[in-house]
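The values are calculated or read from the model by the stated rules, or taken from the named source; none is laboratory data. Fair warning: this is a prediction, and the values are worked out from it, not measured in the lab. Don't worry about glycine lacking a Cβ; one is built from the backbone with ideal geometry, like all the others, and counts go over all protein chains shown.
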Amino acid sequence: MKFEYMNTNEVKKINDFLEQRFGTRLEQYYYLKQRDRIWVFSGEHEKLEKLRPGFTGFRLGIIDKRRSFKPSQESSTLIKARKNVLEVSEKEARNWLAGKDLKKQGVDGWFLLRTKTGFFGVGKRVQGFFRNIVPKRSRVIGFF
Amino acid sequence: MKPALKKLCQELGCPDLINSLKQELPRYIRANQLIIKPEKLKKVLEKKGWTLKKIAWNDYGFKVVKAPCKLGNTLEHAMGMYYVQNASSMIPPQVLNPLPGERVLDLCASPGSKTTQISMLMKNKGVVVANDYLPKKIVSLLRNVQKCRATNVIGNLSRGEKTSFIEEFDKVLVDAPCTGLGAVHKDPKILKTWSPSSIKKLCAKQKKLVEAGFKALKKGGVMVYSTCTLSVEENEGIVNHLIKLGAKVESIKIKGLKTRPGIIRNYNPQVKKTVRVYPMDNQSEAFFIARIKK
Ligand SMILES: C[S@@+](CC[C@H](N)C(=O)[O-])C[C@H]1O[C@@H](n2cnc3c(N)ncnc32)[C@H](O)[C@@H]1O
């Protein structure tokens, strides 16, 4: 598992996406990559050679097969979005976290998902439909 | 009851301690201040039928007086707004008192109750190297770190005793593997496996772990050694070993928490400054905590 600091160009690409889509940049972090995974780290610049890292900070997302950035569910809390935030009901949020798709009409593209209390996920709408992308291991079963 | 256990209870001056260990304890949660203010969390959950009571010895822990569901099965939990954590397990990070910007080593970190609390106390600023020795332990650690939105933690896979950090950290937590008598209320089998030979084996490991932790600590830095067990060898005995390596034991005072002093036996009298937390005193798990200065 090799972790590497990303170069300025790679970091800029992600931030350009965040700015274009959510009207914000996340420039206060160090960015690291490990295979297709993108991590942000708010600490000091760590020399990783001395460590055997299993993770380095917070998983912001992945670079998918088409080389585009796909934010993680939890990143919704970190990205202080100024646009493209979709508020849904708690029932819809529970369904999403349990692995169900979400139907909501509107324009296509990435959205941060929230309820009135807080952020719970990220999804991409295609023709009024958010296909569920919550990883199986983090789905919540038996929701209250 | 095993004779060794009986003897231990007598030495601790609490003949009835084993029964207290078996008794059911209240459940607790810790508000994750990286995401939500504790008062706000209380309001949000109480609107949904919970009853929470603030614990006396910190600003972010709550006793769950009433909950309408399993504590981990809510939207708020999925959003990382709180972490289910026994009240006693919140004490070692509190005693460690990590500050924003510091470098902290958490040598036996998984599943990360204390790591995520440390990160919260540091407001995500500075570095936490959270170490554990099995890949699957790092996976569960990551799951909690990610859920709590902690961004300053590096998960490190290594045997704690084999790490070779030298005077690199301002603070070090060694929350050691132990015989776990404090968890008997959840798992009564622990009483069966607890034995002088299991203690001996764990002591050897604990000694190596604190040696590595102490080596990793900067001069003037603070290390906390904690366990959730009662055996004197695993607690004061290990602290005595640290004193021989040059450690100084510091007193611990936490308002609102009832503690008992360390057992001196034939150890250096400094071990008296360590604290023991018993279930009948605070309605929380048994714990041992030592604050060490280099
Ligand atoms: C008491 S638990 C730690 C609980 C954790 N600090 C928390 O608050 O969530 C002890 C941990 O030590 C780990 N451990 C056992 N042997 C170890 C070793 N040689 N090096 C590092 N970690 C070890 C275990 O995997 C276990 O996760």
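Numerical summary
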item: One residue from A:ARG131, A:ARG125 being exposed (fewer than 12 other Cβ atoms within 10 Å of the Cβ), at pLDDT 95 or above and away from chain B (no Cβ under 13 Å); result: A:ARG131
item: Test: residue in segment A:51-65 that is part of a loop (DSSP other than H, G, I, E, B), away from chain B (no Cβ under 13 Å) and surrounded by fewer than 16 Cβ atoms within 10 Å (Cβ to Cβ); result: yes
item: Any pair with Cβ under 6 angstrom, 6 or more apart, that starts in segment A:95-113 at a residue that is assigned by TED's automatic domain parsing to the domain that holds A:VAL126 and ends at one that is part of a helix (DSSP H, G or I) and aliphatic (A, V, I, L, M); result: A:LEU97/B:ALA78
item: A:ARG37 being closer than 17 Å to B:SER119 by Cβ, surrounded by 16 or more Cβ atoms within 10 Å (Cβ to Cβ) and either more than 10 Å from every other protein chain (Cβ to nearest Cβ) or not aliphatic (A, V, I, L, M) (or both); result: no
item: Unique residue being away from the ligand (no atom under 16 Å from the Cβ) and touching a helix residue (DSSP H, G or I) at 6+ places or on another chain (Cβ under 9 Å) when the list is B:GLU46, B:GLU76, B:GLU39; result: B:GLU76
item: Criterion (surrounded by fewer than 16 Cβ atoms within 10 Å (Cβ to Cβ) and either within 10 Å of the ligand (Cβ to nearest atom) or within 15 Å of B:SER110 (Cβ to Cβ) (or both)) met by exactly one of B:LYS137, B:LYS200, B:LYS162; result: B:LYS162
item: Hits in segment B:105-127 (condition: away from the ligand (no atom under 12 Å from the Cβ) and free of Cβ contacts under 8 Å to residues at least 60 places away in the same chain); result: B:LEU121, B:MET122, B:LYS125, B:GLY126, B:VAL127
item: Positions within segment B:87-104 being more than 17 Å from B:ASP59 (Cβ to Cβ) and within 13 Å of the ligand (Cβ to nearest atom), in sequence order; result: B:VAL104
